[in-house]
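Here the structure is laid out as structure tokens; the discussion comes afterwards.
What follows is calculated from the coordinates using simple rules that are stated; it is not laboratory data. All values reported here derive from a predicted model rather than from experimental measurement. Reconstructed Cβ throughout: ideal geometry from the backbone, glycine too, with neighbour counts over all protein chains shown.
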Amino acid sequence: MVRVQTEDFDPGGELEALIAGRTDVGASVSFVGHMRARNEDRDVETMTLEHYPGMAEKVLGELEAEAHRRWPLQASTIIHRVGPLKPGDRIVLVITASAHRQAAFEAAEFLMDWLKTKAPFWKKESGPTGDSWVSSRSADENAAQRWTASPKSK
Amino acid sequence: MVRVQTEDFDPGGELEALIAGRTDVGASVSFVGHMRARNEDRDVETMTLEHYPGMAEKVLGELEAEAHRRWPLQASTIIHRVGPLKPGDRIVLVITASAHRQAAFEAAEFLMDWLKTKAPFWKKESGPTGDSWVSSRSADENAAQRWTASPKSK
Amino acid sequence: MKVLYFAWFRDRIGLAEEEINLDASGDQTVRDFIGDLVARGEGYSIAFEDMSVVHVALDMQEVDHDTLIGSASEIAFYPPFTGG
Amino acid sequence: MKVLYFAWFRDRIGLAEEEINLDASGDQTVRDFIGDLVARGEGYSIAFEDMSVVHVALDMQEVDHDTLIGSASEIAFYPPFTGG
């Protein structure tokens, strides 16, 4: 399940909704991205997330489908917020559920790495020194490259 | 924070309690182990978790401290349930919080791998064919071995 | 064709979207089309100054600069993604 | 010394814990002590049949079978861990 929304989300509630009543899930991994008050030595008062409506949902859906092709996942959730956020706010949620933990961990990492480099979202930071668009990080590019080969476990 | 308890836990509530009010956390990973109704082709009606009181808490505390030595974690939670559990019940919770996602992911995996092989808990499964103590899995031993070298990121 | 600008493309060009008619042949590449845009004014030429950070989607599918626009109904320009 | 048995050690021996006095010298190894336990009866000998799965903690610290018991006040026997 994929959602792009301005509202906050409830990580525990989303996990519950995803796997309630199931008795085949042995492991779930929930990743939450949170907004920090400092980023690369700059104070950030507001972060505004822009997205490409339509394409964002499409790409997240494709990433989720790819994760299910690569790992034996039983269920997954991807939620990305857009609009203005404050320090401490939740930004993104990825949940993966599987029979065993390794698939759940790997698929969650994969989804975050690819989401960062392949999904049309852009961050603008506003602080005491003005507004600026966040630059892409080479660390994120490198992390995404890890997954071009076949997965470690299946 | 480490806890061993018979009661259920609330993954979302524990995450909230762990990082509420903080603005330096950029990433949190919450792992939940859930009880499955089938394990290695056997139906399981009840799983009873036994532990070594005192030593279980001590070892979990040592594992948590080791994770904080290896990765730049800002906060963490480990909760392990004991006593009788039913299919679908939550068994274990590990939460790691860090400025960046890679440390949070790696530390959570590390904690689960070491917890499985180094913390004094034992599972007994009860099903239509009787009771039996769960055997340790070589896959868990191998997973734990990964972390004997130094961590991938710091 | 609907033309969309995201993030600092929108800031520099001063528009979130506009409608631009292509010649009907459809044999223009993305690169050709950017050339036409740059001729429209200073905002455009600043936006497309460093082509290494110009990313493009045709009908919501990422393409490279040599792709033919063909019969796409929507083209979008944006910098590298920074979500997550 | 307090002696604890967990999981199938407890089932086979039929006790969760017992108090056993060691000779005061403290120069017995874990392996020596297991030998004494096995002499106590069939439940013990079944429990300690396969020494490769006999894990031991002295005062809540895992040790190997050659460790001297010394002045430990608690010894625990258990199979490999299966929590998590």
**Study point:** Averaged over A:49-56, number of beta-carbon atoms from partner chains that fall within 10 Å
**Key:** 5
Revision key, fill the gap. Which residues qualify? For A:L85, with a placed amide H closer than 5 Å and at least 5 residues away or on another chain, they are A:M47, A:T48, A:L49
Check your understanding: Which of B:T129, B:T96, B:T77 moves most in a GNM of chain B, Cα contacts under 10 Å?
Key -> B:T129
Check your understanding: Say the dipole of the range A:2-145 comes from +1 at the beta carbon of Lys and Arg and -1 at that of Asp and Glu; which of A:V44, A:L15, A:G127 then lies farthest toward its positive end?
Key -> A:L15
Review point. Share of antiparallel DSSP beta bridges in the protein assembly as shown, in percent to the nearest 5?
Key: 85
Check your understanding: Relative to the other copies, what are the label-point distances for D:Q61, with labels 7 Å from Cα along the C-beta vector, expressed in nm at one decimal and sorted shortest first?
Key -> 6.5
**Study point:** Net charge over other residues, Cβ less than 10 angstrom from the Cβ of A:D24 (K, R count +1; D, E count -1)
**Key:** +3
Practice item. Rounded to whole Å, how close does chain B get to the rotation axis onto A by Cβ? Give me the residue too, please? Key: B:G12, 1
Revision key, fill the gap. Toy charge model, Lys and Arg Cβ at +1, Asp and Glu Cβ at -1: the range A:2-145 dipole around Cα centroid in debye, rounded to 20, equals 160
Point to revise | At q = 0.14, 0.20 Å⁻¹, base-10 log of I(q)/I(0) for chain A (Debye sum, equal scatterers on each alpha carbon) | key: -0.71, -1.29
Check your understanding: Under the classification rounded if a/c is under 1.5, otherwise prolate if a/b is larger than b/c and oblate if not, where does the protein assembly as shown fall, given a ≥ b ≥ c as square roots of the Cα gyration tensor eigenvalues?
Key -> prolate
Check your understanding: Which one of A:P53, A:P128, A:P11 has the biggest mean-square fluctuation once chain A is modelled by GNM with Cα springs under 10 Å?
Key -> A:P128
Review point. What is the local net charge at A:Q74, summed over the other residues whose Cβ is closer than 9 Å to its Cβ (Lys, Arg +1; Asp, Glu -1)?
Key: 0
Check your understanding: Counting Lys and Arg as +1 and Asp and Glu as -1, what is the net charge of the other residues whose Cβ lies under 9 Å from the Cβ of B:S132?
Key -> 0
Revision key, fill the gap. Taking the label point 7 Å from Cα along the Cα-Cβ vector, the copy-to-copy distances for B:Q5, listed from shortest in nm with one decimal, are 2.7
Exercise for review: Would you give the gap between the C-alpha center of the range A:2-40 and the C-alpha center of the range B:82-115, rounded to a whole Å?
Suggested key: 15
Practice item. Run through all the Cα pairs of chain D and give the fraction in each 5 Å bin from 0, expressed as whole percent. Key: 3, 15, 29, 29, 17, 6, 1, 0
Review point. Residue farthest toward the positive end of the dipole of chain B, with Cβ of Lys/Arg at +1 and Asp/Glu at -1: which of B:M55, B:I78, B:W114?
Key: B:W114
Point to revise | Net charge dipole size for the range C:2-78 [Lys, Arg +1 and Asp, Glu -1 on Cβ; Debye, nearest 20] | key: 180
Check your understanding: Do you know the relative contact order of chain A, to the nearest whole percent, from alpha carbon pairs under 8 angstrom that are 6+ apart?
Key -> 32
Review point. When DSSP beta bridges are limited to those with both residues in the range C:2-78, what percentage is antiparallel, rounded to the nearest 5?
Key: 75
Review point. With the Cα gyration tensor of the range D:44-84 giving a ≥ b ≥ c as the square roots of its eigenvalues, does the rule (a/c under 1.5 for rounded; else a/b larger than b/c for prolate; else oblate) give rounded, prolate or oblate?
Key: oblate
**Study point:** the range C:69-81 - phi-based ³J(HN,Hα) in whole Hz, Karplus 6.51/-1.76/1.60, Gly and Pro as x
**Key:** 5, x, 9, 4, 9, 8, 10, 10, 10, 6, x, x, 6
Point to revise | chain C: most fluctuating residue of C:A39, C:A57, C:A47 per GNM, C-alpha cutoff 10 Å | key: C:A39
Study note, to complete from the structure: For the protein assembly as shown, the dipole about the Cα centre with charges only on Cβ (Lys and Arg +1, Asp and Glu -1), to the nearest 20 debye, works out at 40
Check your understanding: Exactly which trypsin sites (Lys or Arg not before Pro) in chain C are in a DSSP loop and have at most 12 other Cβ atoms within 10 Å?
Key -> C:R40
Review point. Relative to the other copies, what are the label-point distances for B:E45, with labels 7 Å from Cα along the C-beta vector, expressed in nm at one decimal and sorted shortest first?
Key: 6.4
**Study point:** Residue (of D:V56, D:L15, D:F77) at the positive-pole extreme of chain D, dipole from beta-carbon charges
**Key:** D:L15
